[in-house]
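> First the structure, which I've put down as structure tokens, then a few questions once you've had a look.
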């Protein structure tokens, strides 16, 4: 019996490389059926991106190139996905749970009359079809959802799925984009904001070090930065630390910030308010360092250290440096 097709959106960076979420999306698709990657980009970038998708497990890749992709929001991608949906009638569609992915999912849902499972942290197949897993109520409960008929559109939380597809030589199909509707929103001008960093992106980092109000100041927050650099980890912060001016909002982890699901999450001086837990509780291992033994963060930590971060963390950093070859 032939495997069901799983359409998978693979966003492309301005550099022409696939976004970091591509490996996870194709891994999740491979768990459910036969992944079909969909790449929509500006001219000259699709071929290399499609080959990269094959290395991540996409046996079939649909590509479309158009000048408008760089300046028109969502509409070109929705058009390509709608055509692919009509051709293949996939059992599921997988997109990243980011701004562009959620926009695409909503528009495709309206066009195809399909159901959406949003912010999914896992997938599996049972005897009746595809099941999506959700972490809800501040990650207090894990629930499941499934569609009773038709295609299920899934927005997948980055960092939630470990499975990876096997490298293959992809079969590449080119799709022609027709004329875009005049009402399509477009970018008239933009200015690039470049931030140089050697740290991995917070959303997809396998290890995250986050600092809270217990670090006391922006200077104290540098301790979290030092530990993150020693571990090659992403850097995060609690809302309390951001509100106090210790770190920029882009680092905020929690209900009103970034949601992460790393292999290892190290919380420094973070009390563990429910709003913060909602953004990191699906981490596979949580280590908390706090001088307050009653801090709520210890309730969900796999390893808790009751102590002063300014005494514990420097020792940890020195130990890590000593172990390097």
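The values are calculated or read from the model by the stated rules, or taken from the named source; none is laboratory data. What you see is a predicted model, and the numbers here were worked out from it, not measured in a lab. All Cβ positions, even for glycine, are placed from backbone atoms using ideal geometry, and neighbour counts span all protein chains on display.
> For residues that are more than 18 Å from the chain's Cα centre (by Cα) and more than 20 Å from residue 83 (Cβ to Cβ), tally how many sit in the range 15-56.
Final tally of qualifying residues: 9.
> Quick check on my filter: what residues within the range 54-78 are in a helix (DSSP H, G or I) and either surrounded by fewer than 23 Cβ atoms within 10 Å (Cβ to Cβ) or modelled with pLDDT under 90 (or both)? I'd like the intermediate steps shown before the answer.
Within the range 54-78, the subset in a helix (DSSP H, G or I) is 54-55, 67-70, 75-78.
Selection gives 54, 55, 67, 68, 69, 70, 75, 76, 78.
Residue by residue, here is whether (1) surrounded by 19 or more Cβ atoms within 10 Å (Cβ to Cβ); (2) in contact with a strand residue (DSSP E or B) (Cβ under 7 Å, 6 or more places away or on another chain); (3) part of a helix (DSSP H, G or I) holds:
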position: 3; (1), (2), (3): no, yes, no
position: 8; (1), (2), (3): yes, yes, no
position: 25; (1), (2), (3): yes, yes, yes
position: 31; (1), (2), (3): no, yes, yes
position: 39; (1), (2), (3): yes, yes, no
position: 43; (1), (2), (3): no, yes, no
position: 49; (1), (2), (3): yes, yes, yes
position: 52; (1), (2), (3): yes, yes, yes
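> Here are 41, 82, 74: which of them is closer than 20 Å to residue 186 by Cβ and touching a residue at least 60 places away in the same chain (Cβ under 8 Å)? Walk me through how you get there before you give the answer.
Working: 41 fails: touching a residue at least 60 places away in the same chain (Cβ under 8 Å); 82 fails: touching a residue at least 60 places away in the same chain (Cβ under 8 Å).
Unique residue meeting the criteria: 74.
> Out of 286, 253, I need the residue that is at pLDDT 90 or above and more than 22 Å from residue 219 (Cα to Cα). Which one?
It is 286.
> One residue is enough: does the range 81-88 have a residue meeting the conditions under 15 Å from residue 32 (Cβ atoms) and within 18 Å of the chain's Cα centre (by Cα)?
Step one: of the range 81-88, the residues under 15 Å from residue 32 (Cβ atoms) are 88.
Filter again for within 18 Å of the chain's Cα centre (by Cα), leaving none.
No - not one qualifying residue is present in the range 81-88.
> Name the one entry in 304, 272, 279, 236 that is outside any helix (DSSP H, G or I) and under 23 Å from residue 21 (Cβ atoms). Can you show your working first?
On the way: 304 fails: under 23 Å from residue 21 (Cβ atoms); 272 fails: under 23 Å from residue 21 (Cβ atoms); 279 fails: outside any helix (DSSP H, G or I).
Step by step, each of 304, 272, 279, 236 is checked, and only 236 is outside any helix (DSSP H, G or I) and under 23 Å from residue 21 (Cβ atoms).
> Give me the pairs, please: first residue somewhere in the range 303-314 and in contact (Cβ under 8 Å) with a residue 60 or more places away in the chain and assigned by TED's automatic domain parsing to the domain that holds residue 270, second residue anywhere and surrounded by 14 or more Cβ atoms within 10 Å (Cβ to Cβ) and assigned to a strand (DSSP E or B), beta-carbon distance under 6 Å, and either six or more positions apart or on two chains.
309/268; 309/289
> A follow-up question, please. Would you mind stating whether residue 124 is touching a residue at least 24 places away in the same chain (Cβ under 8 Å), more than 30 Å from residue 229 (Cβ to Cβ) and either over 25 Å from the mean Cα position of the chain (by Cα) or surrounded by fewer than 11 Cβ atoms within 10 Å (Cβ to Cβ) (or both)? Outline the logic, then answer.
Details: touching a residue at least 24 places away in the same chain (Cβ under 8 Å): yes; more than 30 Å from residue 229 (Cβ to Cβ): yes; either over 25 Å from the mean Cα position of the chain (by Cα) or surrounded by fewer than 11 Cβ atoms within 10 Å (Cβ to Cβ) (or both): no.
So residue 124 does not fit the description; no.
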